[in-house]
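Derivation of every value follows stated rules applied to the coordinates shown; laboratory data play no part. The structure displayed is predicted, hence computed values, not measured ones. Virtual Cβ from ideal backbone geometry, glycine too; neighbours counted across all protein chains shown.
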Amino acid sequence: MKVHVLTLFPEIFDMLKDYSIVGRAIDSEAIEIEAVNIRDFSTDKHRRVDDYPYGGGKGMVMKPEPIHSAIESCKKDNSRVIYLSPQGKIMTQSLVKELTEEEHLILLAGHYEGVDNRIIENFVDDEISIGDYVLTGGELPAMVMIDAISRLMPGVLSSEESYEIESHYEGLLEYPQYTRPRVFMGKRVPDVLLSGDHSKISLWRQLSALRTTFMKRPDMLKEMKNPKEQLNLMDSMLKLIGKR
Ligand code: SAM
């Protein structure tokens, strides 16, 4: 997948090639990232990219012409143009999964009070937010999106790191994880994880994923795709521990 990021701070994206799994995705060519400086498309002699808002008010607005030229410089027939915006639909794991199918993403990172609305209405396919709060610029949201996409690209994660069991992939949170030592400050790792019985461990993990989701994010259970399957699972677990 090719990703162009349109930004006023292209140098920020240099660090991605040295950053953990995103760096690995870049090395293996699963993803190619190119930061494009919107300022390079300003025709103003002072290279201005922002101006006062019509109608008055505080702050500056990013001018449409340089952004439009920047989009045009990299747009192809298969491009999906995304404006990172606090007004967009919230990024979820299923949306990230959907984005991994794209061949070319153009991510527009805004700044100041945002971008001229004519760009959003006419040249942007989706507005996507990373959460209901306002950041200074779209660069961090673009990086968040790139990270989330990179780890889902085929071949980037090893089988040990597989994403299918992680939180949100199947509509649940992940089960609790433990590592050595067996006892830490008097707190023991659950016995079942030391039992070597893989079917019991697997059931424990599935049930714990349900429990964790119920405790931390009960709202997610309403969206659950296959509640019947989950109930059957709980039944088998209860049978296994002799409570049914
Ligand atoms: N005035 C805008 C508003 O109230 O909707 C906020 C502009 S914000 C200060 C500047 C830029 O940061 C935006 O153009 C957008 O690209 C980015 N941004 C801020 N919060 C974001 C979020 N939650 N998700 C994605 N992008 C965000």
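Can you list the GluC sites (Glu not before Pro) in the range 47-113 that are in a DSSP coil and have 11 or fewer other beta carbons within 10 angstrom? Passing sites in the range 47-113 are E101, E103.
List the relative contact order of the range 136-242 as a percent without decimals, with contacts defined as Cα pairs under 8 Å and 6+ residues apart.
Numbers: 62 pairs, mean separation 25.3, N = 107.
Dividing the mean separation by the residue count of the range 136-242 yields 24 percent.
Between I201 and E170, the distance separating the two model label sites (each 7 Å from Cα on the Cα→Cβ line) works out to 1.7 nm.
What does the charge count around D18 come to, taking other residues whose C-beta lies under 14 Å from its C-beta (Lys +1, Arg +1, Asp -1, Glu -1)? Please report the intermediate quantities before stating the final value.
Values: positive: K17, R24; negative: E11, D14, D27, D147.
Once positives and negatives cancel, what remains is -2.
Annotation for D191 and T179: the two label points, set 7 Å from Cα along the Cα-Cβ direction, are 2.7 nm apart.
Rounded to two decimals, what is Rg over Rh for the range 119-180 when you use alpha-carbon atoms and the Kirkwood radius?
Values: Rg = 15.9 Å, Rh = 14.7 Å.
Value, to two decimals: 1.08.
Note on the range 132-244: Kirkwood radius taken over Cα pairs, Stokes-Einstein applied at 10 °C and 1.306 mPa s, translational D equal to 94 µm² s⁻¹.
The relative contact order of the range 4-61, computed from alpha carbon pairs under 8 Å that lie at least 6 residues apart in sequence, is 31 percent. What percent do you get for the relative contact order of the range 1-150 when only Cα pairs under 8 Å and 6+ apart count? Result for the range 1-150 is 30 percent.
When each of D126, D235 is scored by the number of other beta-carbon atoms lying within 10 Å, the sequence from fewest to most is D235, D126.
The ellipsoid that matches the Cα gyration tensor of the range 75-157 has semi-axes, each √(5λ) in whole angstrom, of 21, 16, 10, with the longest given first.
Determine, for each peptide in 171-179, 61-69, the mean count of other beta carbons within 10 angstrom over its residues, then list the peptides with the highest first. Provide the component values of the computation, followed by the final result.
Numbers: 171-179: 15.3, 61-69: 18.7.
By packing density, highest mean first, the sequence is 61-69, 171-179.
Using a simple spin-label model with pseudo-atoms 7 Å out from Cα toward Cβ, S159 and I90 lie 3.6 nm apart.
For the chain, the spread of Cα coordinates along the three principal axes comes to 77, 41, 39 Å, biggest extent given first.
Would you mind ranking Y83, Y52 so that the residue whose beta carbon has the fewest other beta carbons within 10 Å leads the list? Spell out each step's value before the answer.
Working: Y83 26, Y52 12.
Taking fewest neighbouring Cβ atoms as first place, the list is Y52, Y83.
Need the full-extension length gain, Y54 to T212, defined as separation in residues times 0.36 nm minus the C-alpha distance. One decimal, nm.
Values: separation 158, 0.36 × 158 = 56.88 nm, distance 4.94 nm.
This chain segment gains 51.9 nm when fully extended.
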